[in-house]
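Participant: Dropping a structure here in structure tokens format, bear with me for questions.
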Amino acid sequence: MVAIDKLPDRGAPVVVVDDLHVKYRVYATGRAAKDRSGLLAKTRGIREVHALKGVSFVAYENESIGVIGSNGSGKSTLMRALTGLTPPASGAVYARSRPNLLGVGAALLPNLSGARNIILGGLALGYTRSEVKELEPGIVDFAELGESIDLPMRTYSSGMQARLKFSIAAARQHDILIIDEALAVGDRRFRKRSEARIREIAETAGTIFLVSHSMGSIRDTCQRTIWLNKGTLMMDGPTDEVIEAYEATRK
Ligand SMILES: Nc1ncnc2c1ncn2[C@@H]1O[C@H](COP(=O)(O)OP(=O)(O)OP(=O)(O)O)[C@@H](O)[C@H]1O
Ligand SMILES: [Mg+2]
């Protein structure tokens, strides 16, 4: 591990990930184990997926860190481990405060209007009732849903739902905010405004992790990028260098 007090010109360490391993245990039905003869091998049972294999890094105040890597490389697993939702098999995550995962999705109710869901989502993210009241007009403005804000959320397109979720989550300053692909479904205009808001949160003492397959979003938002490949940390450094190396492996 790096001695974190010895690194120059950086804010306070906010998240320390130390040799993190995460394993999932899954029940295999045996279908994947079909052998060459075409017969189903009888391998029903528990299979283990070693999703993170010894990941270590330190995140500092004011950083927005891009997280890239191909499908299944462990990005979402790492983000869930940061929030404490996924327990480590070994190693540890130390965080200054509990990271908020942008994904109030689970808390929102499709039959309620956008406006009602703002209150619900805000409370789910730990805002106080008075904070929600105070932030509500700003959230409505940012989401730019027009009159749809009073319609049930089930009538929204996926982009409209994403707008609402992002607007709720980004309304307040966060110490540590994790955004896992939430920008992907918004249109270009909304994406640009979201990226600007992310930079703003990071500038005012927050730390942000942005998981995305859009190298444009990562470039515009993050100075530093982490590249995961098959559960290991391939590279951690300035965004341009990391993206260049990542893209070189994908040609
Ligand atoms: N709940 C789960 N149960 C079992 N295995 C899982 C679970 N979630 C993820 N995995 C496995 O862990 C590995 C990493 O998955 P993860 O979702 O972290 O990848 P990712 O980098 O976020 O991919 P994507 O770009 O597709 O979002 C994959 O092999 C995946 O199959
Ligand atoms: Mg993912």
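Participant: Under the condition of being assigned to a loop (DSSP other than H, G, I, E, B), open to solvent by 40 Å² or more (accessible area, probe 1.4 Å) and not hydrophobic (A, V, I, L, M, F, W, C), which residue from region 71-96 is nearest to Arg250 (Cα to Cα)? Quick ask: steps written out before the conclusion?
Facilitator: We begin by selecting, within region 71-96, every residue assigned to a loop (DSSP other than H, G, I, E, B); these are 71-74, 84-89, 96.
If we keep only those that are open to solvent by 40 Å² or more (accessible area, probe 1.4 Å) too, we end up with 71-72, 84-85, 87-89, 96.
This time we only want the ones that are not hydrophobic (A, V, I, L, M, F, W, C), so: 71-72, 84, 87-88, 96.
Details: Asn71: 12, Gly72: 15, Gly84: 32, Pro87: 31, Pro88: 30, Arg96: 36 Å.
Top of the filtered list is Asn71.
Participant: State which residue is surrounded by the most Cβ atoms within 10 Å (Cβ to Cβ) when the search covers only region 158-208 and only residues that are of a type outside the set (D, E, K, R) and in contact with an Asp or Glu (Cβ under 8 Å, 6 or more places away or on another chain).
Facilitator: Kept after step one, since they are of a type outside the set (D, E, K, R), are these residues of region 158-208: 158-162, 164, 166-171, 173-174, 176-179, 182-186, 190, 194, 196, 198, 201-202, 204-208.
With in contact with an Asp or Glu (Cβ under 8 Å, 6 or more places away or on another chain) added as a condition, the list becomes 159, 183, 190, 202, 205-208.
Details: Gly159: 14, Leu183: 22, Phe190: 20, Ala202: 22, Ala205: 14, Gly206: 20, Thr207: 27, Ile208: 24.
Checking each candidate, the answer is Thr207.
Participant: Can we say Ile226 is of a type in the set (Val, Ile, Thr) and within 14 Å of ligand 1 (Cβ to nearest atom)? Quick ask: steps written out before the conclusion?
Facilitator: Details: of a type in the set (Val, Ile, Thr): yes; within 14 Å of ligand 1 (Cβ to nearest atom): yes.
Yes: the conditions hold for Ile226.
Participant: Among the candidates Thr221, Thr249, Thr239, which residue alone is in contact with a strand residue (DSSP E or B) (Cβ under 9 Å, 6 or more places away or on another chain), modelled with pLDDT of 85 or more and open to solvent by 60 Å² or more (accessible area, probe 1.4 Å)?
Facilitator: Numbers: Thr221 fails: open to solvent by 60 Å² or more (accessible area, probe 1.4 Å); Thr239 fails: open to solvent by 60 Å² or more (accessible area, probe 1.4 Å).
Being in contact with a strand residue (DSSP E or B) (Cβ under 9 Å, 6 or more places away or on another chain), modelled with pLDDT of 85 or more and open to solvent by 60 Å² or more (accessible area, probe 1.4 Å) holds for just one of Thr221, Thr249, Thr239, which is Thr249.
Participant: Being in a helix (DSSP H, G or I), under 29 Å from Met215 (Cβ atoms) and more than 16 Å from ligand 1 (Cβ to nearest atom) is the filter here; which residues of region 97-116 pass it? Explain how you work it out, then say what you get.
Facilitator: The initial filter retains those residues of region 97-116 that are in a helix (DSSP H, G or I), namely 104-107, 114-116.
After this cut, where a residue has to be under 29 Å from Met215 (Cβ atoms) as well, the list is 104-106.
Once the filter is applied, which keeps residues that are in a helix (DSSP H, G or I), under 29 Å from Met215 (Cβ atoms) and more than 16 Å from ligand 1 (Cβ to nearest atom), region 97-116 yields only Val104.
Participant: While we're here: Could you tell me which of the residues Asp220, Asp187, Asp180 is within 17 Å of Ile68 (Cα to Cα), without any contact (Cβ under 8 Å) to a residue 60 or more places away in the chain and among the charged types (D, E, K, R)? Give the steps one after another, and end with the answer.
Facilitator: Numbers: Asp187 fails: within 17 Å of Ile68 (Cα to Cα); Asp180 fails: without any contact (Cβ under 8 Å) to a residue 60 or more places away in the chain.
Sole residue among the options that is within 17 Å of Ile68 (Cα to Cα), without any contact (Cβ under 8 Å) to a residue 60 or more places away in the chain and among the charged types (D, E, K, R): Asp220.
The values are calculated or read from the model by the stated rules, or taken from the named source; none is laboratory data. As the structure is a computational prediction, the values presented were derived from the model and not from experiment. Reconstructed Cβ throughout: ideal geometry from the backbone, glycine too, with neighbour counts over all protein chains shown. Please note that ligands, DNA and RNA were not included when accessible areas were found on the heavy atoms of the full protein model with its side chains. Shrake-Rupley method; radii C 1.70, N 1.55, O 1.52, S 1.80 Å.
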